[in-house]
Amino acid sequence: MSHDSTAAPEAAARKLSGRRRKEIVAVLLFSGGPIFESSIPLSVFGVDRQDAGVPRYRLLVCGGEDGPLRTTGGLELTAPHGLEAISRAGTVVVPAWRSITSPPPEEALDALRRAHEEGARIVGLCTGAFVLAAAGLLDGRPATTHWMYAPTLAKRYPSVHVDPRELFVDDGDVLTSAGTAAGIDLCLHIVRTDHGNEAAGALARRLVVPPRRSGGQERYLDRSLPEEIGADPLAEVVAWALEHLHEQFDVETLAARAYMSRRTFDRRFRSLTGSAPLQWLITQRVLQAQRLLETSDYSVDEVAGRCGFRSPVALRGHFRRQLGSSPAAYRAAYRARRPQADRNQDGDAAPATQGTVPSGPPGHPGHSMAPALHPDTPLPHQSRRTAAAGALGPSLTASAPGVPGQRGAH
């Protein structure tokens, strides 16, 4: 799933200036960057695959700081070009940044700003979005990054409309992607934009990946967030909400429990999570529905009631918007993917271990068994802040029409 901005036609009309050429792609590397993300644009834009029908790009690998550049496993890299080479590129890719807590070099930020001013397309893969944000290139724009870092990006750069649901976001002349493999999705999208579906499909076949993945990051969302959020008094209200997801209550109820006006509560909640409280509440109800669909035989109507939705229709609508499928289809697909060892001799799914639910999507590296909470069972008092800290994120931006950063997905 991707977002295409309505600003794209205007951005497409911008012309490259000076020595910049559309076919030249500069990849900006930093010391400490993960090698997988760094290698994605090098492979997509730096390998000649004209024999397979893929138009050739000219690749410039640029060091964003003095080398040698150290990367995953202690490897040392020497970039053949420096920041000056960016002045020739029509596209500049920042594949990753070493730390979301440290500022990028100012010289690199200046080079990115200058490239954008001169009409270059700027791309941030995964945590590369933090570099683009530090350069001011994401101000007032929709963007995404790895779901785990999305709340931090939203909190540190409040003018950026962060949407952690998307695999990538195309805002015309500035593009961002989610973590790791989503960088491949965005690079394929760039090839598709430049040279059409046939070229992108040919490249996808050579890379042995889908030419276009459906869905977004929702299936990979965890409930963890930075620990400092758990120390906030608002965490007590969040803990109460999690204990009572099976009840029908609204954001006004949460604001009253926090002894705040609705406006103050919304502002405070957004400052902590980067999300609107209503969308956070809907997301938690959908996550609870996922768990019940995976671990129980409740009907969809019963699941809706146990997750606080006013009707099965409301559950189905929110479930499909967030996960791209109906609750019934999700349950069927989940059970079809379960390992044969988890099934009994009659071919039925073996009951889940009491008190556990899968903490991630089946087949995903993060899939494990974690303590389950029955919707009618309150949290132990001593665990409320811990649970609330985890459940505060990663947050989703509000999906109501007209909210900044929301674009028609395709």
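Anisotropy class assigned to the range 42-91 is oblate, per the alpha carbon gyration tensor with a/c at or over the 1.5 cut-off and a/b no larger than b/c. Less than 5 angstrom separates the built amide H of Ile24 from those of Arg58, Gly90, Thr91, all sequence-distant by 5 or more or on a different chain. Between Pro103, Ile122, Gly32, the Cα set farthest toward the positive side of the dipole of the range 31-162 (charges on each charged residue's Cβ, about the Cα centre) is that of Ile122. Between Ala328 and Arg70, residue separation times 0.36 nm minus the direct Cα-Cα distance comes to 88.1 nm.
Solvent exposure of the range 25-69 amounts to 40 Å² per residue of accessible area, where only protein heavy atoms count and the probe is 1.4 Å.
Peptides 89-100, 37-48 ranked from most to least packed give 89-100, 37-48, packing being the mean of other C-beta atoms within 10 angstrom over each peptide's residues. What residues from the range 68-90 fall in the zone where the backbone N is under 15 Å from a label point 7 Å along the Cα-to-C-beta line of Arg58? Within reach of a label on Arg58: 81, 85-90. Relative to the Cα centre, the charge distribution of the range 269-308, modelled as +1 at Lys and Arg Cβ and -1 at Asp and Glu Cβ, gives a dipole magnitude of about 300 debye.
Would you be so kind as to identify which of Thr264, Gly317, Ala329 lies farthest towards the positive end of the dipole of the range 255-342, taking Lys and Arg as +1 and Asp and Glu as -1 on Cβ and the Cα centre as origin? Ranked along the dipole, the leading option is Thr264.
Relative contact order for the range 87-198: 25 percent, from Cα pairs under 8 Å spaced at least 6 residues apart, divided by residue count.
Computed from label points 7 Å out along Cα-Cβ, the spacing between Glu106 and Ser261 is 4.1 nm. Going by accessible surface with a 1.4 Å probe and the largest first, Arg263, Arg14 read Arg263, Arg14. Net charge of the neighbourhood of Glu76, taken over other residues with C-beta under 14 Å away and scored Lys/Arg +1, Asp/Glu -1, is -1.
When each of the peptides 264-271, 178-185, 206-213 is scored by the mean number of other C-beta atoms lying within 10 Å of its residues, the order from highest to lowest reads 178-185, 264-271, 206-213. Classified by the C-alpha gyration tensor, the range 108-180 has a prolate form. Its axis ratio a/c, with a ≥ b ≥ c, is 1.5 or above, and a/b is larger than b/c.
Dipole check for the range 255-327: with +1 at the C-beta of Lys and Arg, -1 at the C-beta of Asp and Glu, and the Cα centre as origin, the magnitude is about 540 Debye. Oblate is the label for the range 161-202, because a/c, from the alpha-carbon gyration tensor with a ≥ b ≥ c as root eigenvalues, is 1.5 or above and a/b does not exceed b/c. Most simply put, the range 46-196 has about 35% antiparallel DSSP beta bridges, counting only bridges with both residues inside it.
With a Förster radius of 25 Å applied to the beta-carbon distance between Phe36 and Arg206, the computed FRET efficiency rounds to 0.90.
If you place +1 on the Cβ of every Lys and Arg and -1 on the Cβ of every Asp and Glu, how big does the dipole about the Cα centre of the range 122-217 come out, in debye to the nearest 20?
Charge dipole, the range 122-217, about its Cα centre: 300 debye, nearest 20.
The values are calculated or read from the model by the stated rules, or taken from the named source; none is laboratory data. Being a predicted model, the structure only gives us computed values, none of them experimental. Neighbour counts run over all protein chains shown; Cβ positions are idealised from the backbone, glycine included. When the accessible area is computed, the model is the full protein with side chains, heavy atoms only, and any ligands, DNA or RNA have been set aside. Shrake-Rupley method; radii C 1.70, N 1.55, O 1.52, S 1.80 Å.
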